[in-house]
Amino acid sequence: MAQSLSTASKAAEISVFGAYMGGTPDYGPHTWKGISAGGDFTVFPRFILKPALEVRGNVLSARAATEKTVLFGPRVQLDWRGRFHPYGDFLIGAGEILFHPDPAPGYSGDRSKVYSYGGGINIDVAYHLSAKFDFQQQSWNLGPNSDSASSGNFTLTPRTLQIGVTYTLPFRFLNHASDYR
């Protein structure tokens, strides 16, 4: 049976996650609820910070609208006391907001480039399984605000808190063969 690898002996790992999300969408007065899913590819160089690439998809919904995003970008992780893995990330992607009901005839939604930054912590709870706690702040620019006398752009800055699980996939071919005795 394969033994658990310490992060000092691993070359890389792939993990996937799913989370329940609550947030303030910056559109409408209510707190929204949703889901998030994604994955990370983390490399383990011999320094204290571990670089990773992350991809995630979010769906956040309430009576007023639904926000959907697909985001990708770098993440940096620190392994602390073996079980605790705090991280920070900066993600870029696409977002779509669909209004319920349409705010104007022929205008049911909009799309934007989305910037997201945040962080969180994964806490090991079992072999290959971690609890995930995550915060993200997003920035959407939906273009000129036609309902306003100012010439400013219509922007949204949603924030989300996520609680979920992370599963680390066994990734043997990039790890040292001597670690599996």
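Derivation of every value follows stated rules applied to the coordinates shown; laboratory data play no part. Because the structure is a prediction, the values reported are computed rather than measured. Reconstructed Cβ throughout: ideal geometry from the backbone, glycine too, with neighbour counts over all protein chains shown.
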Computed over the range 12-179, the relative contact order (Cα-Cα under 8 Å, seq sep at least six) in percent reads 22
Under the 7 Å Cα-to-Cβ spin-label approximation, PHE154 and THR31 lie apart by a distance in nanometres of 2.7
For VAL59 and PHE47, extending 7 Å from Cα along the Cα-Cβ vector and measuring point to point gives, in nm, a value of 3.9
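Jot down the per residue volume, in cubic angstrom and as a whole number, of the convex hull over the alpha-carbon atoms of the range 12-179. Numbers along the way, then the final one.
Working: hull volume 20.1 nm³, N = 168.
Normalising the Cα hull of the range 12-179 by residue number yields 120 Å³.
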So, relative contact order of the range 52-100 in percent, Cα under 8 Å, 6 or more apart, is 39
Of 24-33, 60-69, ordering from highest average Cβ density within 10 Å down gives 60-69, 24-33
TRP80 and HIS128 label points (each 7 Å along its Cα→Cβ direction) are spaced in nm at 2.8
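Test of understanding: what is the full-extension gain from ILE14 to ASN141, defined as 0.36 nm times their sequence separation minus their Cα-Cα distance?
Values: separation 127, 0.36 × 127 = 45.72 nm, distance 3.21 nm.
That works out to 42.5 nm of additional length.
Check the range 1-137 and count each lysine pair with an alpha-carbon distance under 18 angstrom, considering only pairs eight or more places apart or from different chains.
Details: LYS10/LYS50; LYS33/LYS68; LYS33/LYS132; LYS50/LYS132; LYS68/LYS113.
Lysine pair count for the range 1-137: 5.
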